[in-house]
Amino acid sequence: MSEKIFEPWNDPNEKPLIQFQNVTKRFGDFVAIDNQSFDIYAQEFFALLGPSGCGKTTLMRMLAGFEAPTTGEILLAGQNMAPIPPNKRAVNMMFQSYALFPHLSVWENIAFGLKRDKMPKPEIEARVDEMLKLTRLEQFAKRKPHQISGGQRQRVALARSLAKAPKLLLLDEPLGALDAKLRQDTQFELMDIQEKTGTTFVIVTHDQEEAMTVASRVAVMDHGHIVQADTPARIYEMPNSVYVADFIGDVTILKGTASPRDGGYDIHFAEGQPALHAKSDIELSKGAACYLAIRPEKIAISADKPEGVANAVQGKILDIAYLGNISTYHVELPTGQVIKTQTANTRRLSRRSFTWEDQVWLSWTDTAGVLLAG
């Protein structure tokens, strides 16, 4: 039996867990969030992604109840959250600093919120043991936070946040303090824990790779607006703007003018260069400004001019970034424009075919690039 794909946002019968309805947040004259409406569904792992100052933390603080919308409403399971104080919401927040109590053991840190809620002792014990097991911390239960590693402290904070079984867990740059290798391992742990508990996670991050790895959907933000909210695959393959294309992953963006031809467009992008061709559903009038965004892995590199491809340009290799499994070539066209292409390193270094200053051809199909309005 094929597994049912988790896409509640495409099901008209699904009711969202969280609804932002025309939410604006101002701090004096500064508009941090500008009239935003979007939904988050139960059991989603939803990422708010964007550069510093784009409004993602403000959105999260409003969800937690530390800030109130200036106008608009935030609903949790259909109920307006504004009158509900933070400690009464079915929402928990895990901070970047983890904020563990240094004098309490791992076990006591996880039990802290349950004791404060006056949960009966046997229930607390059962719940803490369940959380220790979930986060694989059983053998560290008696240790103090300073006696365990950064990655383990991160899991204690997660266990403590989940102990009260919130409907919604907010994670503010939760992996920011970890080194690269540990971050990667912890991303997969987070996904695993989120799936096991079925809790809705909303994560704030400026790390695009992290958002694309963990999230069911990513909301890319810029200056208080959600520019695009979609699955990681769609955001990467079908960005709706130059901003999103440029923000996510490596990309070459060529600016030009469009003229309709054969169910697509010719793109005139530089004097003396052949027109490029792209298949696209977008509506552009003849001579309209446009952008072509092409990912490096969709561009082939060859010594000779390839036959029968829609797009082929010649240039010289300016830079080579060797990343173990892949090499990225920066190829400069006679116009000064640089196009990035990537190849898998299946051969030994000594048998590489291209080096600096080589003249090469770059080619791609008419569906490889994404055409965006100028």
Discussion item. Test of the criteria: in the range 259-315, which trypsin sites (Lys or Arg not before Pro) are in a DSSP loop and have at most 12 other Cβ atoms within 10 angstrom of their Cβ?
Written reply: Lys286
Worksheet entry | Neighbour-count order for Trp364, Trp356, fewest beta carbons within 10 angstrom listed first | Trp356, Trp364
Worksheet item: Using alpha-carbon pairs under 8 Å, 6+ residues apart, how would you state the relative contact order of the range 250-373 in percent?
Response: 31
Practice prompt. Please report the relative contact order for the range 105-188, taking Cα pairs under 8 Å with a sequence separation of at least 6, and give it as a percent rounded to a whole number.
Written response: 36
Practice prompt. Taking a cut-off of 16 Å between Cα atoms, list the lysines near Lys88, but don't count ones fewer than 8 places away on the same chain.
Written response: Lys115, Lys118, Lys164, Lys167
Fill in: Mean shadow area of the chain, taken as a quarter of the surface of its Cα convex hull (nm²)
25.1
Item to complete: Would you check the range 250-373 for Lys pairs whose C-alpha atoms are within less than 26 Å, ignoring same-chain pairs closer than 8 in sequence, and give me the count?
Response: 14
Worksheet item: Points 7 angstrom from Cα along the Cβ direction at His103 and Trp356: gap in nanometres?
Response: 6.1
Discussion item. Going by amide H atoms built from the backbone, whose H comes under 5 Å of the H on Asn35, apart from near neighbours?
Written reply: Thr24, Lys25
Discussion item. Just want to confirm a number: the relative contact order over the chain, from Cα pairs under 8 angstrom separated by 6+ residues, in percent.
Written reply: 15
Discussion item. Please compute the alpha carbon radius of gyration of the range 250-373, then divide it by the globular-protein estimate 2.2 N^0.38 Å. Two decimals is fine.
Written reply: 1.08
Practice prompt. Mind giving me the FRET efficiency for Phe66 and Lys121? R0 is 51 Å, r the Cβ-Cβ distance, nearest 0.05 is fine.
Written response: 0.95
Discussion item. On a full-extension model of 0.36 nm per residue, what is the gain between Thr24 and Asn10, subtracting their alpha-carbon distance, rounded to one decimal in nm?
Written reply: 2.4 nm
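Each value in this text was obtained by applying a stated rule to the coordinates, not by laboratory testing. Every value quoted in this text rests on a predicted model; they were computed, and no experiment measured them. When we count neighbours, we look across all protein chains shown, and the Cβ atoms used for this are built from the backbone with ideal geometry, even at glycine.
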